[in-house]
């Protein structure tokens with residue numbers, strides 16, 4: 001097994017649209033430090049780059065997350081502006 005194979009086993013890379021699967025694995029209520037520790041090995045691919053999920057949530061000012069939906073909302077607010085595509089564009093714009 002190569003070093004790259006071992007590194008891949010130690011980290012998970014997911015697309016942003018797969019975030020809910022990771023968040024549903026956590027027990028709620030939870031706090032940012034618990035989520036940061038549980039997700040330190042998760043890299044999220046964005047439309048323009050990537051972020052570490054644990055690092056992203058560790059910067060949260062929230063005291064607690066009551067649900068996966070609440071945590072997802074907080075995470076989405078902490079992502080870079082270009083995380084989900086071109087700014088100021090919507091699927092309905094022609």
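The values are calculated or read from the model by the stated rules, or taken from the named source; none is laboratory data. Just so it is clear, the model here is predicted, and its values are computed rather than measured. Positions of Cβ are backbone-derived with ideal geometry, glycine not excepted, and every protein chain shown enters the neighbour counts.
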Residues within the stretch 17-66 that are under 24 Å from residue 81 (Cβ atoms), out of contact with any strand residue (DSSP E or B) (no Cβ under 8 Å at 6 or more places or on another chain), part of a helix (DSSP H, G or I) and touching a residue at least 24 places away in the same chain (Cβ under 8 Å), tallied
4
Filtering the stretch 56-73 down to residues that are in contact with a helix residue (DSSP H, G or I) (Cβ under 7 Å, 6 or more places away or on another chain) and over 15 Å from residue 27 (Cα atoms) yields 56, 57, 58, 59, 60, 62
Can you report the number of residues in the stretch 18-44 which are out of contact with any helix residue (DSSP H, G or I) (no Cβ under 9 Å at 6 or more places or on another chain) and surrounded by 15 or more Cβ atoms within 10 Å (Cβ to Cβ)?
1
For the stretch 27-61, name all the residues that are farther than 21 Å from residue 11 by Cβ and modelled with pLDDT under 95.
60, 61
